[in-house]
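What follows is a short report on a single structure.
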Amino acid sequence: VQLQASGGGLVQAGGSLRLSCTASGRTFSRYAMGWFRQAPRKEREFVAAISWSGGTTDYVDSAKGRFTISRDNAKNTVDLQMNSLKPEDTAVYYCAADPQRSYYHSLSGMSIWGSGTQVTVSS
């Protein structure tokens, strides 16, 4: 499986962006998927994850109520809708897959990573 993220950009605080991750490979639908981000001089951190069927989602506390993760297994895509963006959301966002699990376990379990997409939120 290969992953390609897109949809980043520059937005004012309070605005919205929708990130999309497109996967190649027929086994995509079996994998837990997630979005992660890395700000300058900070470690990569978990943002949101979704189970193989889309029935289970998880979010970092700072994203709850503002971000929504979804997936379309027929289209091999995982999206992250981000609303009410804040300057502290500024980071490079990555999508990732855990080919060993159908439910998210940990960042360390995500062994397939896509290219990042820059999100910049101005104040």
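Data table
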quantity: Accessible area per residue in Å² at 1.4 Å probe, computed on the chain; calculated: 51 Å²
quantity: Over the chain, relative contact order from alpha-carbon pairs under 8 Å, at least 6 apart, %; calculated: 36 percent
quantity: In region 61-113, trypsin sites (Lys or Arg not before Pro) in a DSSP loop with at most 15 other beta-carbon atoms within 10 Å; calculated: LYS64, ARG66, LYS75
quantity: Largest-first ellipsoid semi-axes for region 31-70, taking √(5λ) over the Cα gyration tensor eigenvalues, angstrom; calculated: 20, 12, 6
quantity: D (Stokes-Einstein, µm²/s), Kirkwood Cα radius, the chain, 1.306 mPa s at 10 °C; calculated: 113 µm²/s
quantity: Portion, in percent, of the accessible area of the chain that falls on carbon or sulfur, probe 1.4 Å; calculated: 46 percent
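The values are calculated or read from the model by the stated rules, or taken from the named source; none is laboratory data. Predicted model, so just to flag it, every value in this text is computed and none were measured. Note: ideal-geometry Cβ built from the backbone for every residue, glycine included; neighbour counts use all protein chains shown. What goes into the accessible areas is simple: the full protein's heavy atoms, side chains included, and nothing from ligands, DNA or RNA. Shrake-Rupley method; radii C 1.70, N 1.55, O 1.52, S 1.80 Å.
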